[in-house]
1. Please enumerate the residues belonging to the stretch 1-29 that are outside any strand (DSSP E or B) and at pLDDT 80 or above.
2. Condition first: closer than 20 Å to D453 by Cα, within 16 Å of ligand 2 (Cβ to nearest atom) and free of Cβ contacts under 8 Å to residues at least 60 places away in the same chain. Now tell me which residues in the stretch 118-166 satisfy that.
3. Scan the stretch 26-52 for residues that are in contact (Cβ under 8 Å) with a residue 24 or more places away in the chain and farther than 21 Å from V129 by Cβ and jot them down.
4. Might you check whether a residue that is at positive phi, surrounded by 14 or more Cβ atoms within 10 Å (Cβ to Cβ) and of a type outside the set (F, W, Y) occurs anywhere in the stretch 227-245?
5. Considering only the stretch 301-323, state which residues are closer than 19 Å to P362 by Cβ and in a helix (DSSP H, G or I).
6. Can you tell me how many residues within the stretch 178-200 are touching a Leu at 6+ places or on another chain (Cβ under 7 Å) and farther than 16 Å from F156 by Cβ?
7. What are the pairs with Cβ atoms under 9 angstrom where one residue, in the stretch 170-189, is touching a residue at least 40 places away in the same chain (Cβ under 8 Å) and buried (at least 20 other Cβ atoms within 10 Å of the Cβ) and the other, located anywhere, is in a helix (DSSP H, G or I) and of a type in the set (K, R)? Sequence gap at least six, or different chains.
8. Output the qualifying pairs, or none if there are none: Cβ atoms under 9 angstrom, residues six or more apart or on different chains, first residue in the stretch 263-279 and at pLDDT 95 or above and among the aromatic types (F, W, Y), second residue away from ligand 2 (no atom under 13 Å from the Cβ) and part of a loop (DSSP other than H, G, I, E, B).
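The values are calculated or read from the model by the stated rules, or taken from the named source; none is laboratory data. Note that the coordinates shown come from a computational prediction; the quantities given were computed from them, not determined experimentally. Glycine gets a Cβ as well: all are built from the backbone with ideal geometry, and neighbour counts include every protein chain shown.
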Amino acid sequence: MSRLVVVSNRVATPTESKGSSGGLAVGVFGALKDMGGVWFGWSGDTVTEGASHRPPHIVQEGNVTFATVDLSRRDYDQYYKGFSNGTLWPVFHYRNDLAHFDRHEYAGYRRVNAWLARQLLPLLKPDDVIWVHDYHLIPFAEELRLAGVKNRIGYFLHIPFPAPQVILNVPVHEELLKSLSCYDVVGFQTDEDEQAFQDYIVRHAHGVAKGRDVQAYGRKLRTGVYRIGVFPDEIADQAARYAKRKEVRELRTSVENRKLVMSVDRLDYSKGIVERFKAFEQLLESSPDLQNQVSLVQIAPPTRSDVATYQQIRRTLEYEAGRINGRFSGLNYTPIRYLNRRYDRWVLMSLFRLAQVGFVTPLRDGMNLVAKEYVAAQDPDDPGVLVLSRFAGAAAELDAALIVNPHDIAGMAEALIRGLKMPLDERRERHQSMLAALRTNDLGVWRDTFLRDLKASA
Ligand code: ADP
Ligand code: F6P
């Protein structure tokens, strides 16, 4: 039987992948345990130049090998901070205004991909199935192919794939697309993403796209849409079970009889948090009956903090939270509770269960697992309402949410009010419909359909 080799920028450690960490780690670890295999990637550590060229650090856990490598500071600056998060992330999220391009960073991105591929080579067996994840590793298969690797190699993009006119802004767009053509299967979160990729191939690469079959740059590959999901029953069980934890009790006691709107995101400009704060402000302004009666809890752990655009969004949010709280706070009331910290996964799910509204309004998002987790965590007898951006990949499946445009501040405020006042019957109906969508396409389906297509792609 073939083994699975997963390659991703970050590798969840064995303890994390057993249950406390995010959906991807849990889902991928499940497949690794079934098939046996290797999870390879960056350790998350940066070390001095010489020390960074050590071979992978190996941890064996049953039939799964975790193999991680350290990066030098220069590698980190060019590959992760520079090209991945200073060029690809903003452009792929339609934020050209926040993107920069630097040839040295791009050279570093390719150099690190080539080096990572070389580190994996000795761990590979001829019939391994290789599954590469996300925008950090677009050239990874090309490097393996150059080294003579003939295995099936699949790629899944967790973030949006932008329209051709947008990706043309990256000066090396053609090299990136050529690299993607070295995979056997390229998977996307939504139909729009797959279509945008195929449009580029047809219009700008003189390629052919028929259904899911693509020919470009002298290679044949398949595309597909694989919507990443969650395991809803596990989340519901844990959300109920963790309800007695200290943090959950503290929040319940502190809100007293007020209603709660809950948002959880990495502190990223793509998540639309500024617009969300303004919508909450508008709600307080336009509905005196809700003043002092509802709080927004925004949990936003800092991320990529050494990238200037992330420092800027953090300053903006601090300013906005302070300004709005200054305007509407009472001696016993804080409208926006803004917390820059992480929580244990199951505590977070129990916090979701306390909130009458899940407010998930990214300006762009590949999928947005938080939206799915919020729905899964609800009490089915008395569920909360999801207010969801139309620009989250999740909106394609969760159409029973209150769908909003995050640029329409007044529209978001209205949706919040509607959610807070929604009758129980309507809440139950919407929740059942969304839960059914989560069950139809859970995390196992995402993983199994991708791997089925990849195995069939030989
Ligand atoms: P992204 O991949 O852009 O960060 P997603 O919403 O798809 O966005 O996934 C984020 C994941 O990280 C979710 O599983 C969410 O529960 C988790 N997460 C987000 N914020 C926190 C936090 N403060 N503490 C713990 N987990 C968090
Ligand atoms: O889903 C997008 C993503 O970039 C993942 O690849 C990554 O694990 C997550 O967001 C967190 O970002 P980072 O690894 O930069 O902290």
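1. Hits for the stretch 1-29 are S2, R3, V11, A12, V28, F29.
2. Of everything in the stretch 118-166, those that are closer than 20 Å to D453 by Cα, within 16 Å of ligand 2 (Cβ to nearest atom) and free of Cβ contacts under 8 Å to residues at least 60 places away in the same chain turn out to be I138, Y155.
3. Listed by number, the residues that qualify are W42, S43, G44, D45, T46, V47, T48, E49.
4. No: zero hits.
5. Across the stretch 301-323, the qualifying residues are T309, Y310, Q312, I313, R314, T316, L317, E320, A321.
6. Total meeting the criteria: 1.
7. S179/R110; C182/R145
8. Y269/R95; Y269/L363
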